[in-house]
Amino acid sequence: MADLRILRADGDALFRDWRHVHNTIIPTHALSLEDVRERSTRNVLDVAYAGDALVGCMTVRAPEGDDATVTVIARVLPGHRRQGYGTRLYGQGLEQARALGAGAIETVVLESNHEGLLFARAQGFVEVERYLLDGDTIPYITLRLP
Ligand SMILES: CC(C)(COP(=O)(O)OP(=O)(O)OC[C@H]1O[C@@H](n2cnc3c(N)ncnc32)[C@H](O)[C@@H]1OP(=O)(O)O)[C@@H](O)C(=O)NCCC(=O)NCCS
């Protein structure tokens, strides 16, 4: 496995790469560059590279609710999967979540992302909720670490 570099997205060049990975994997909810800039004010956004190749991105949301739930979402481009990058990204996301004071950890997977569901279950997550966003046809699944 090539060395994985995980960078905090803090400017337009990295926001563009983050957006490319997000929109490739979640085409049902494509974001504009302006959307990504706005998200970066609320969430921690990271971008992952293997050598010079863009391979993935991650979102760690700010703690929410009484139990300070932090949502961690790792994404790896289809051509780079099953090489351990998702596990590395997710491990960094968990560290960030703990640093934010997380009382619980959740993740969100589009129902059609079968690999995402298998990955999340392999990490020990269990499904807690399914929901449809306005205008969407494929539900999101919320999973939580017990
Ligand atoms: C989920 C995702 C990030 C995994 O990335 P990845 O780099 O392929 O993950 P890893 O190589 O670290 O896989 C770790 C383990 O997850 C499980 N897994 C991942 N993809 C799998 C698949 N297609 N089939 C079966 N098991 C799978 C396996 O247990 C795997 O370990 P193994 O390869 O030793 O068998 C990637 O598939 C993705 O971006 N999916 C869409 C986005 C998403 O749904 N993200 C939410 C999850 S946090």
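The values are calculated or read from the model by the stated rules, or taken from the named source; none is laboratory data. Keep in mind that this is a model prediction, so the values were computed, not measured. Using ideal geometry, Cβ is built from the backbone for each residue, glycine included, and neighbour counts are taken over all protein chains shown. With ligands, DNA and RNA removed, areas are computed over all heavy atoms of the protein, side chains included. Shrake-Rupley method; radii C 1.70, N 1.55, O 1.52, S 1.80 Å.
Can you give the accessible area per residue of the chain, in Å², using a 1.4 Å probe? Before the final figure, lay out the partial values.
On the way: 7610 Å² over 146 residues.
Per residue, the chain has an accessible area of 52 Å².
Taking amide H as placed 1.01 Å from N in the peptide plane, Leu77 has its amide H under 5 Å from the amide H of Gly56, each at least 5 places away in sequence or on another chain. Shape class for region 70-146: oblate, because the ratio a/c of the largest to smallest gyration tensor axis (alpha-carbon atoms, square roots of eigenvalues) is 1.5 or more and b/c is at least a/b. The label point for Leu33 and the one for Asp134, both projected 7 Å from the Cα toward the Cβ, are 2.7 nm apart. Ellipticity at 222 nm from helices only: DSSP H runs of n ≥ 4 in the chain, each -39500 (n - 2.57), divided by the residue count, give -10000 deg cm²/dmol. Rounded to whole numbers, the Karplus 3J(HN,Hα) couplings from phi for region 103-111 are x, 8, 10, 10, 9, 10, 10, 5, 3 Hz, using 6.51 cos²θ - 1.76 cosθ + 1.60 with θ = phi - 60°, and x at Gly and Pro.
Under 1.5 on a/c is rounded, so check that first for region 45-114, then, if it is not, pick prolate when a/b is larger than b/c and oblate when it is not; a ≥ b ≥ c are the square roots of the alpha carbon gyration tensor eigenvalues. In terms of gyration-tensor shape, prolate.
In sequence order, region 123-130 has phi-based couplings of 7, x, 6, 10, 5, 10, 6, 10 Hz under the Karplus curve 6.51 cos²θ - 1.76 cosθ + 1.60, θ = phi - 60°, and Gly or Pro positions carry x. Shown in residue order for region 13-27 are the 3J(HN,Hα) couplings computed by the Karplus curve 6.51 cos²θ - 1.76 cosθ + 1.60 at θ = phi - 60°: 4, 6, 4, 5, 5, 4, 5, 4, 5, 4, 6, 5, 8, 10, x Hz (x for Gly and Pro). Taking amide hydrogens as placed 1.01 Å from N in the peptide plane, the amide H of Ala104 sits under 5 Å from those of Thr69, Val70, each at least 5 positions away in sequence or on another chain. Overall dimensions of the chain, expressed as equivalent-ellipsoid semi-axes from the Cα gyration tensor (√(5λ), whole Å, largest first), are 21, 17, 17. Between Thr41 and Arg82, the FRET efficiency estimated from the beta carbon spacing at R0 = 25 angstrom works out to 0.15. Ordered from longest to shortest, the equivalent ellipsoid semi-axes for region 11-72 are 21, 13, 11 Å, each the square root of 5 times a Cα gyration tensor eigenvalue.
Pairs of Cα atoms nearer than 8 Å and 6+ residues apart set the relative contact order; for the chain it is 18 percent.
Ignoring ligands, DNA and RNA, please state the percent of accessible area on region 4-144 from carbon and sulfur, probe 1.4 Å.
Reported share for carbon and sulfur atoms: 50 percent.
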